[in-house]
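These notes concern the structure reproduced below.
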Amino acid sequence: MKTDELMNLYYSEMNENERYICQYLYENRKDFCRDTIDETARKCGVSKSLLVRFAKHLGLTGFRELKAMLRIEEQESKVTEWNLLETMTESYHKMLDDFLKRDYSRIFESLYHARRVVVYGSGSSQARVASEMKRIFLPEKTLIDLHGHDMYQAIEKNIHKDDMVFLISLSGEADYMINLARRLRVKGAFLVSVTRMSNNPLSACCDENLYIESVHAEVGEYGDYESTTPYFILIELLYLAYQNYLAGKSDKKEER
């Protein structure tokens, strides 16, 4: 797992000081990689021993391993206009590799038994992903795709504990998405966030998290370029894996 995934995974178990370290790391990743443990402790306003405990809370051996992981991730994320195609291709391969290593049975169990499944996209690109997810899953499960800020209250009002909601967001930092996730979780719905690989508050509010490998770069006069293709790769992989899950359930029934 990447450091952002680890922080999302253990965020709900962290105390206030550890959550502040998460925030500082996310906002000052380069400084965190470069500074010594003494400098980082001073800038965070915490003790060195707390930084060590924080790293161990993430399942690492200590602060040194945390910095090593961050340096590797920083190196991997550096993209220039000249190697964008190569980097994009590598990110797709990495996404495929990461997907195959993960167990999705909890998501599929919820999807299989859910009374209703809603897919909610936060923006125009995410709305297209939600629509495509509805289309691709149609042979196996009827999904309701929604988008737009004006659907916030309708979703909150109509979702119940037997329902499942996919929340698709690029950054996972939009306040209204976070508030929606918190309210739906109180109601008992099973929530799955779909965001880029980063420590974000939306992921921390959900039962399960799906991530895309997001690559962005400055490309000539176009400015900042960020591909949405990983979203579509992810949902297609998810559908194919769900087919395997259904086949497994069918085989178990036949054995009985």
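A few notes on this one:
- Evaluation of Arg102 against (1) among the charged types (D, E, K, R); (2) farther than 22 Å from Glu5 by Cβ; (3) modelled with pLDDT of 90 or more; (4) open to solvent by less than 100 Å² (accessible area, probe 1.4 Å) (one fails), failing number: (2)
- Within the stretch 19-53, being farther than 16 Å from Leu70 by Cβ, of a type outside the set (Gly, Ala, Ser) and either buried (at least 17 other Cβ atoms within 10 Å of the Cβ) or out of contact with any Lys or Arg (no Cβ under 8 Å at 6 or more places or on another chain) (or both) holds for Arg19, Tyr20, Arg42, Val46, Lys48, Leu50, Arg53.
- The number of residues in the stretch 234-247 being hydrophobic (A, V, I, L, M, F, W, C) and buried (at least 16 other Cβ atoms within 10 Å of the Cβ) comes to 5.
- Looking across the stretch 54-64 at every residue that is aliphatic (A, V, I, L, M) and not in a helix (DSSP H, G or I), the one that is least open to solvent (accessible area, probe 1.4 Å) is identified as Leu58.
- Any hit, the stretch 80-93, residues being among the hydrophobic types (A, V, I, L, M, F, W, C), open to solvent by less than 60 Å² (accessible area, probe 1.4 Å), touching a Cys at 6+ places or on another chain (Cβ under 9 Å) and touching a residue at least 60 places away in the same chain (Cβ under 8 Å): no
- Checked against the criteria, Arg182 does not count as basic (Lys, Arg), open to solvent by 40 Å² or more (accessible area, probe 1.4 Å), modelled with pLDDT of 85 or more and more than 23 Å from Arg106 (Cβ to Cβ).
- Scan of the stretch 1-18 for residues that are farther than 15 Å from Leu70 by Cα, open to solvent by 70 Å² or more (accessible area, probe 1.4 Å) and not in a helix (DSSP H, G or I), ordered by number: Asn15
- Residue count for the stretch 148-162, restricted to those that are assigned to a helix (DSSP H, G or I) and under 23 Å from the mean Cα position of the chain (by Cα): 5
The values are calculated or read from the model by the stated rules, or taken from the named source; none is laboratory data. All values derive from a computational prediction rather than experimental measurement. Heads up, the Cβs are rebuilt from the backbone with ideal geometry, glycines too, and the neighbour counts pull from every protein chain shown. Accessible surface areas use protein heavy atoms only, side chains included; no ligands, DNA or RNA. Shrake-Rupley method; radii C 1.70, N 1.55, O 1.52, S 1.80 Å.
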